[in-house]
Amino acid sequence: MTFPLPLVPFEEYMLVDDRPAYPMSFFLKLIFSGEFDRVLLDAALRTAIERHPLLSARVGAKKNRFEWVQVPSEEVAVRWMPDETPLPATPIDLFAEPGLRVSARRCGEETKLGFQFHHSCCDAMGGLQLVEDLMVGYAASENRTEPASFSSIDKKRLLGRGRFGLTPWKLLRLAPKQAKGLLGVRQFLMRQAVPLLPVEIESKAKVPDSFPSSCGHQFSEAETAGLLSAARRAGATVNDLLARDLFLALGDFRSTRRLTEKNDWLRLSVPINLRGANDNQLSAANVVSMVFLDRQPADLHHRKALLESIGQEMQLIKANRLGLTFPLSLWFARSLPGGSSRLRGICNTQTCRGTVVLSNLGRPLLDMPMPRRNGKIAVGKMTLERMEFLPPIRPKTVVAFGVFTYAGRLQVDLHFDRRVLSGAEGEGLLGDFVPRIRETASL
C-alpha cells in the first residue's frame, strides 16, 4: 500500500463537516465478562491496525487537496482508565493524530472496551472489521495453539475505494436511474426538515463533559424473533419496521410537547452500505452513503400505509442504486473549480439536515471464526456479553439511533445532544420508540 493517498470526496466531506462542537466520530463499546491480559491486548491491537492502514493515518494538505499520510501504528494504544472514570471521548484532530482511539476500564467482573472512530477513516462496518481482528488476534495469542484465522485483506483495494465498482461504462448505464435520485435531491433542498426540539445553542460551543450522552435498550430473544416474524408477514424488512416505528415515536415525542405543525417535515437520515461483492477483501474504509425519508404529521395516522410507503421508497432506492446519488454529487461538486470551498460552505450552512439518524448494522460479527458460549462470542477465556453503537450527532440533528442484533437480541442505542435534550428527555424519546417496536413484534 502506497502513501500518501488522496482523500475521496466522501472522506473529505466527513473531514470538512467535523467541528469541535460536533465531532464527526462514532463509537463502539464492547463489554466482556473476564479480564484482558494487557500486554496481549496491546499486541493484538497493533496487529489489527496494521491490517487497516487508514486507521493509523493522519491527514495532510497538498495543493489545496487533502491526503492520507501513514504514521506508525504504535501511535494508537489502549488507554486504561480507573474503574469509575468514563471512557474519554474528545474530538479527534486528524491533522495531528490518527482517527482511532481505544480505551478500556475494569468494572467488577467486566471489562469495557471503547472505540472512537473518526468517520473520515471508516464507517461502522469498517470499525467492526478492526474489532473482529482485535478479538481474533487476542484469542490466538492467549491460546497459543494455532495461528489467528484472520479474514483475507488486500490493502491495494483501498486505491479503488470511492469508486463503488463503477467503470465509466457502468456509470453511463446508471445515469437514467440516477435521474430519479436527482428528484430526491430536489426534494431534499426544497423541504426544510425540523429538528426534534428547537435548537438555540451556538454551534461553536464545545462538546459537554458528558459527551457522548447515551441510553439504550436490549430486547429479549422472543421479542427479536417476533420482530423478524412481523417483517416476514408484512413483506417488509426489519429496517422498514424500525423506520415506521421511529416516525411514530417522533410524532409521539413532539406532539406531547405541542411542537407539531401540519407542514412539518420529519426526516430520517439512513446510512446505507455501498459495499459490493468485490469489496470482501477491502480493509476498513468509508463505503457508505445516506438516504433520506421524509414524512409529515398526517402521514403518521395510518401505521400500515406508512409502512407500505417506506417499503416502496426503500425498494426504489435499492433498485435504482440511489444510495450512490449522494457520493456522486460530492464527486461532481469537488471536480468543479473551488470544489473544496463549496463543500465547506455546504457544511457550514445552519440548517437541519435531518430530524434523526437511524443506522442499522444488521447482525454484526455473525460470521466471525470464533467459538460461542450461549450464542455469544468467546474470546479466549472471556465472553463478549453485549455491545453499544453510537452514530454521530450533528448540528440540529441532535439524536442518532444505532441498531444491531447480537446473540439473537435486538439492541437499540440512542446518542443524544445533552446541550439540547436532558437525560430525562433522551430516556423519554427511547421510551417512545421501544414500546412501538415491542407492539410491532407482538402483532
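The values are calculated or read from the model by the stated rules, or taken from the named source; none is laboratory data. This is a predicted model, so every value here is computed, not measured. When we count neighbours, we look across all protein chains shown, and the Cβ atoms used for this are built from the backbone with ideal geometry, even at glycine. SASA here: full protein model, heavy atoms, side chains in, ligands and nucleic acids out. Shrake-Rupley method; radii C 1.70, N 1.55, O 1.52, S 1.80 Å.
Some observations on this one:
- The range 82-141 - residue that is at pLDDT 90 or above and of a type in the set (V, I, T) and, of those, farthest from F211 (Cα to Cα): V136
- The residue that is farthest from R163 (Cα to Cα), counting only those in the range 292-309 that are open to solvent by 10 Å² or more (accessible area, probe 1.4 Å) and aliphatic (A, V, I, L, M), is A298.
- Flag: E221 does not match the condition of being without any contact (Cβ under 8 Å) to a residue 40 or more places away in the chain and open to solvent by 20 Å² or more (accessible area, probe 1.4 Å).
- R418, sole failed condition from (1) within 14 Å of P212 (Cβ to Cβ); (2) in a strand (DSSP E or B): (2)
- Of everything listed in (1) surrounded by fewer than 24 Cβ atoms within 10 Å (Cβ to Cβ); (2) under 22 Å from the mean Cα position of the chain (by Cα); (3) outside any helix (DSSP H, G or I), the single unmet condition for S120 is (1).
- Any hit, the range 366-386, residues being at positive phi, of a type in the set (A, V, I, L, M) and at pLDDT 80 or above: no
- Subset of the range 357-390 that is aliphatic (A, V, I, L, M) and assigned to a loop (DSSP other than H, G, I, E, B) - its residue that is farthest from the chain's Cα centre (by Cα): M370
- Strands (runs of 3 or more DSSP E) contained entirely in the range 1-85, each with at least 1 residues that are closer than 20 Å to E142 by Cα: 25-33, 78-81
- Only one of R254, R244, R233, R258 that is open to solvent by 60 Å² or more (accessible area, probe 1.4 Å) and either closer than 22 Å to A400 by Cβ or part of a helix (DSSP H, G or I) (or both): R233
- All conditions in (1) acidic (D, E); (2) modelled with pLDDT under 95; (3) assigned to a helix (DSSP H, G or I) hold for E200, with the sole exception of (3).
- Of all the numbered requirements in (1) surrounded by 18 or more Cβ atoms within 10 Å (Cβ to Cβ); (2) at pLDDT 70 or above, L343 misses one, and that requirement is (2).
- Qualifying residue in the range 21-34 (condition: open to solvent by less than 20 Å² (accessible area, probe 1.4 Å), over 20 Å from the mean Cα position of the chain (by Cα) and within 21 Å of Q129 (Cβ to Cβ)): yes
- Subset of the range 46-81 [open to solvent by less than 40 Å² (accessible area, probe 1.4 Å), over 22 Å from the mean Cα position of the chain (by Cα), within 19 Å of S283 (Cα to Cα) and modelled with pLDDT of 90 or more]: E67
- Among the residues making up the range 94-117, those that are closer than 21 Å to T47 by Cβ, in contact (Cβ under 8 Å) with a residue 40 or more places away in the chain and outside any loop (DSSP other than H, G, I, E, B) are L100, V102, A104, T111, L113, G114, F115, Q116, F117.
- A284 meets the conditions (1) in contact with a helix residue (DSSP H, G or I) (Cβ under 8 Å, 6 or more places away or on another chain); (2) surrounded by fewer than 22 Cβ atoms within 10 Å (Cβ to Cβ); (3) part of a loop (DSSP other than H, G, I, E, B) in every case but one. The failed one is (2).
- Residues of the range 269-281 that are in contact with a Lys or Arg (Cβ under 9 Å, 6 or more places away or on another chain), farther than 19 Å from S151 by Cβ and open to solvent by 30 Å² or more (accessible area, probe 1.4 Å): I272 alone.
- Among residues of the range 418-429 being open to solvent by less than 10 Å² (accessible area, probe 1.4 Å) and modelled with pLDDT of 95 or more, the one that is nearest to L15 (Cα to Cα) is G426.
- Residue count for the range 289-307, restricted to those that are part of a loop (DSSP other than H, G, I, E, B) and of a type in the set (S, T, Y): 0
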